[in-house]
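Everything below concerns the one structure shown next.
Taken together, the values in this text are just the output of simple stated rules run on the coordinates, not laboratory data. Computed from a predicted structure; not experimentally measured. Using ideal geometry, Cβ is built from the backbone for each residue, glycine included, and neighbour counts are taken over all protein chains shown.
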Amino acid sequence: MTSLSRRDQSVIWHPYTQHQISSLTIPLSKGEGAFLFDVDGKRYLDLISSWWVNIHGHGNPVIAKAIYEQALQLEHIIFAGFTHEPAITLAEKIVSILPAGFSKVFYSDNGSTAIEVALKMAYQYWYNQGQKNRSRFLAFSGGYHGDTFGAMSLGRSSKFFDHFTDLLFSVDIAPYPATWQEDGEVEAKEQNALQWIEHYFAQHAETVAAVIIEPLIQGASGMNICRPEFLRALEQLAKKYNVLVIYDEVMTGFGRTGELFACLKAGTNPDIVCLAKGITGGFLPLAVTVCREPIYHAFLSDNIDSALVHGHSYTANPLGCAAGVASLQLLLDPAALNNIRTIEAMHAKMLKKLATQPKVEKIRQCGTMAAFNIALPTAYGSKVSYQWREKFLEHGLLLRPLGNVVYLLPPYCISAEELCHAYEEIIKVLSTI
Ligand SMILES: Cc1ncc(COP(=O)(O)O)c(C=O)c1O
């Protein structure tokens, strides 16, 4: 193990890592179900689905076989002027499970690129119709939408990108009504946010391209939940003032919220939806930006200037699309829904137990995702949060607290016993803090 870690250390620069204070990386050699195994055979329960991408568990043979068979047939092609069956099938399936009215799928490679595409789609939608001054975007306090420059601009309030402020384009930031169990002030927070947004739209709507939100739960800034009521009211305001609504469902898509998509759970109808992470079951990088027909129509003319001039070399990679089709088949099987319900029930049960622990506050759950705060001020990436992460690893749990926020977002194949065990171990770790 150490020799691989040392080789890694000499050549690799890892994401979101302060190498001076972090321990050596752990070389993993195998994944099976909800577990990852390091090269020495120690196993870790993957409670964060490997950065929220894995939905059916590691090494899923159905997805692995679909990729293998596709690789023997057609590994990759240019996606302008050509197409292939897995891309078409996946797009058809995605459109069929989103709310009615979504009709066009634009492929890219990851969550951030899906967001960049959505930004361009929204801006150029207005531009192509002669509304060239619609250059404002409204995002939410604490929102995170990825690490490319457009996405960072949207996430400018998240604190992740403070060094880059001078390079980001300006985005307006609305208050976000984060809530948790037994929060007596949620309605007041929602009213405050909605009043702010209405006032903002009343002043600026004609220059706003779109409002973007991580629906029901903000991920990276600390698993902050909002109520579906808030999303419905936001949609009403956006409709009233003729502003597009973009849902960043990069984390919430494909069952995470307990329904296939957050928009279905909330009963809302955004104009553009971004999906990535779970789309291939966690096997390959792939993303889509899905829009309604009128948006697509605004890009049609005899002139390339009005087209969406955007694309990536690996757009709609056939292996990724084949993985996506296989993953969706698994997700739409009633067995997956049963697993999701089991996780929801186990979270609810064990969160009650957690609530009795000292230092635990702001307990919250959204479908298969659960979170709580440790009542100690601990910054994101601080030494203390590294130490907590290591303690969890010693207990065989792969958890990555976001500052003082501990969250569980497991693959759907995790058993009730495994999840219950995870909570028991978390309680043991908490007792040492
Ligand atoms: C809500 C949300 N949007 C966008 C992204 C960016 O996705 P990616 O890391 O695939 O670029 C993330 C990643 O965590 C995310 O959680």
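A few remarks follow.
- Normalised by 2.2 N^0.38 Å, where N is the number of residues, the C-alpha radius of gyration of the stretch 312-387 stands at 1.64.
- Scalar couplings 3J(HN,Hα) for the stretch 34-46, obtained by applying the Karplus form with A = 6.51, B = -1.76, C = 1.60 to θ = phi - 60°, are 8, 10, 10, 10, 8, 5, 8, x, 5, 10, 10, 7, 7 Hz; x denotes Gly and Pro.
- Orientation-averaged projected area, Cα convex hull of the stretch 258-359 (nm²): 10.4
- Other-chain or far-sequence residues with amide H under 5 Å of Cys413's (modelled H): Gly57
- Inter-centroid distance (Cα atoms) of the stretch 1-66 relative to the stretch 133-148, Å: 31
- Cβ-Cβ FRET estimate between Ser29 and Leu168, R0 fixed at 51 Å, reported to 0.05: 0.80
- At R0 = 41 Å, FRET efficiency that the Cβ-Cβ distance of Thr2 and His421 yields, to 0.05: 0.90
- A Förster distance of 25 Å, applied to the separation of the beta-carbon atoms of Arg232 and Ala335, puts the FRET efficiency at 0.20.
- Helices in the chain, meaning DSSP H runs of at least 4 residues, each add -39500 (n - 2.57). Divided by all residues, the mean residue ellipticity at 222 nm is -12500 deg cm²/dmol.
- In plain terms, if you count all Cα to Cα distances in the chain and split them into 10 Å steps from zero, the share in each step is 4, 21, 31, 27, 13, 3, 0 percent.
- For the chain: relative contact order, % (alpha-carbon pairs under 8 angstrom, 6 or more apart): 22
- Cα-derived Rg over Rh, computed across the stretch 1-129 with Rh taken as Kirkwood radius: 1.06
- Spatially proximal lysines relative to Lys65 (Cα-Cα < 21 Å; intrachain offsets below 8 disregarded): Lys30, Lys93, Lys277
- Each principal axis of the Cα cloud of the stretch 226-273 was evaluated for its coordinate range; sorted largest first, these ranges are 31, 19, 14 Å.
- Residue of Ile173, Ile97, Ile343 that the Gaussian network model of the chain assigns the largest fluctuation, springs spanning Cα pairs under 10 Å: Ile97
- Axial C-alpha extent at least 15 Å, average Kyte-Doolittle at least 1.0 - helices from the chain (DSSP): 318-332
- Choice from Thr368, Thr378, Thr289 with maximal GNM fluctuation in the chain (Cα, 10 Å cutoff): Thr378
- Three-way shape call for the stretch 192-301 based on the alpha-carbon gyration tensor, with the a/c threshold at 1.5: oblate
- Cross-link partners of Lys132 among lysines (Cα-Cα below 16 Å; sequence separation of 8 or more within a chain): Lys120
- Estimated vicinal HN-Hα couplings, Hz - the stretch 136-148 in sequence order (Karplus 6.51, -1.76, 1.60; Gly, Pro = x): 8, 10, 10, 10, 10, 4, x, x, 10, 9, x, 10, 7
- Lysines with Cα under 27 Å of Lys349, excluding same-chain neighbours fewer than 8 positions away: Lys265, Lys359, Lys362, Lys391, Lys428
- Structural size metrics of the stretch 93-199, computed from C-alpha coordinates, are Rg and Dmax of 16.4, 48 Å.
- In terms of its Cα atoms, the stretch 150-224 spans 40, 30, 17 Å along the principal axes, sorted from long to short.
- Residue with peak Gaussian network fluctuation, the chain [Cα springs, cutoff 10 Å], from Gln191, Gln20, Gln73: Gln20
- Under 5 Å from the amide H of Ile48 lie the amide H atoms of Leu409, each residue being 5 or more positions distant or on a separate chain, with H modelled from the backbone and absent for Pro and chain starts.
- C-alpha center-to-center spacing [the stretch 250-326, the stretch 403-433] in angstrom: 31
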